[in-house]
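Notes follow the structure.
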Amino acid sequence: MLPARQSAPYATPSEAPKRVTILGATGSVGQATFRVLAAHPGHFACEAITAQENVDRLIDLARQYRPKLAVIGNTAHYAVLREGLAGTGIEAAAGAEAICEAAANPTDIVMAAIVGLAGLRAVMCAVEAGHTIALANKETLVGAGDLMMQACKTHGATLIPVDSEHSAIFQVLEPHNREQVEKITLTASGGPFLNLPAEMLANVTPKQAVAHPNWSMGAKISVDSATMMNKGLELIEAHHLFALLPDKLDVVVHPESIIHSLVHYADGSVLAQLGMPDMATPVACALAWPRRIALEIPRLDLAAIGALHFSAPDEQRFPCLRLARDALQQGGSMPLVLNAANEVAVARFLAGEIGFTAIAETVESAMSRHKSCKIAGLEAVFALDSEIRQTS
Ligand code: NDP
Ligand code: MG
């Protein structure tokens with residue numbers, strides 16, 4: 001459930017700071033979130049932070065931003081965390097359950113920035129607590145979108161998109177003109193291999209794949225951008241967030257990543273949101289919503305950029321986009337299967353076990369062996385996810 005556009009204005013600086021819980025605090029979106037918090041110490045108070053492995057960074061962040069609670073997912077790091085926070089008054093905890101508790105504890109907004117379906121339990125705990133959730137963790141909506149959106153309604157939770165394309169749509173989608181929306185276009189940078197000849201794709205390395213031309217991101221989403229699976233996941237994400245049928249969702253390649261997405265209306269108007277490619281902007285937009293807060297980041301200078309370019313995506317060279325579209329059309333359990341096989345394949349590619357083009361092959365093979373069905377509940381999601389991971 002998206003927030004009502006007429007909602008009460010967010011607290012002025014004279015009121016109590018907005019409490020922010022950050023799931024996946026040590027990652028790339030986590031880093032963008034701390035840049036926003038650091039720019040507005042009077043507006044925001046860090047409530048709780050979580051990570052999985054990177055306990056040293058978690059300790060540093062806790063000491064700097066002073067949350068009430070810091071949680072490390074891997075229980076093997078608990079002693080290090082407890083020792084690192086000794087004398088600070090910050091509570092230390094460990095394990096997947098503790099991350100879920102951190103997500104559900106009282107707060108004003110939860111930044112969901114864990115990578116992969118691994119974030120689903122924590123996001124659902126935040127939803128069930130009725131929280132406002134700034135959602136970056138797109139795999140949760142891809143794998144369990146119907147359940148999540150239904151749970152948001154049941155528990156009065158609110159999702160505010162953080163993914164830059166969805167943040168753009170959220171900002172220009174007029175709630176009172178929903179019937180007049182003809183379609184939505186997501187922009188795609190095309191990733192680092194946009195112009196690489198098809199025959200060279202099989203031999204690209206993980207290092208080349210994670211070197212995104214415009215955005216600095218975590219390894220998994222960087223590979224997703226290189227295969228264009230990221231745009232496919234984003235189509236499914238948009239379908240759930242904005243309740244739009246697949247035929248109303250379009251993709252255009254725009255290598256400069258300046259126009260972040262567009263909404264086309266029935267009168268021929270097309271509304272877009274523009275900005276420099278910096279995740280601090282959509283993070284600030286989500287955290288401060290419905291207000292805007294200042295950020296000291298480079299400003300958009302269209303005259304200096306000179307030209308913006310657009311082209312249709314090439315689904316022959318980037319079959320992941322076609323596979324995601326197919327999964328979206330089939331609906332039911334198929335997007336979960338697409339996501340699980342992709343997570344496995346991307347991890348294998350990053351570990352040097354398979355080549356780049358084998359990512360799409362792995363996903364296609366998993367999808368071809370699966371017959372889409374309705375997923376009954378969260379435990380069924382986890383059961384199918386683990387089955388696909390074992391068989392992919
Ligand atoms: P990163 O890999 O940089 O960070 C992932 C975070 O999740 C880290 O804090 C990591 O902890 C934590 N984490 C990893 N595995 C687990 C687990 N099993 N349980 C709990 N926590 C875990 O990812 P990004 O920040 O790049 O991406 C996060 C999400 O946001 C993804 O879903 C991505 O698609 C989405 N997104 C990212 C954008 C970006 O610019 N990076 C843009 C738009 C969306 P640790 O460091 O300890 O391992
Ligand atoms: Mg995006």
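Bear in mind that the values in this text are calculations on the coordinates, not laboratory data. Since this is a predicted model, take the numbers as computed values, not measurements. Ideal geometry is used to build each Cβ from the backbone, glycine not excepted, and the neighbour counts take in all protein chains shown.
Some points to look at:
- Between residue 391 and residue 371, the contour length at 0.36 nm per residue exceeds the alpha carbon distance by 5.7 nm.
- Given R0 = 22 Å, the distance between the Cβ atoms of residue 150 and residue 182 translates into a calculated FRET efficiency of 0.25.
- Placing unit charges on each Cβ (+1 for Lys and Arg, -1 for Asp and Glu) gives the chain a dipole about its Cα centre, and among 188, 272, 313 the Cα reaching farthest toward its positive end belongs to 272.
- Lysines whose Cα lies under 18 Å from that of residue 220, excluding same-chain neighbours fewer than 8 positions away: 138, 207, 231
- Extreme residue, positive dipole direction of segment 18-164, given options 29, 109, 44 (C-beta unit charges): 44
- Simple label model, 7 Å out from Cα along Cβ direction - residue 216 to residue 174, nm: 3.9
- Efficiency of FRET between residue 379 and residue 267 - r from beta-carbon atoms, R0 45 angstrom, step 0.05: 0.45
- Stretchable slack from residue 291 to residue 57, in nm (0.36 nm times residue separation minus alpha-carbon distance): 81.2 nm
- DSSP beta bridge pairing in the chain, given as percent antiparallel to the nearest 5: 30
- Theoretical FRET efficiency, 1/(1+(r/R0)^6), r = Cβ-Cβ of residue 311 and residue 205, R0 22 Å, to 0.05: 0.30
- Dipole magnitude (debye, nearest 20) for the chain, charges at Cβ of Lys, Arg, Asp, Glu: 440
- Per-bin percent of Cα-Cα distances, the chain [20 Å]: 28, 61, 11, 0
- Simple spin-label estimate for residue 322 and residue 195 gives 2.5 nm between the two label positions (7 Å along the Cα-to-Cβ direction from each Cα).
- Under a model in which nothing but the beta-carbon of Lys, Arg (+1) and Asp, Glu (-1) is charged, segment 196-344 shows a dipole of about 240 debye around its Cα centre.
- Mean Cβ neighbour count within 10 Å, used as a protection proxy, ranking 313-325, 292-304 highest first: 313-325, 292-304
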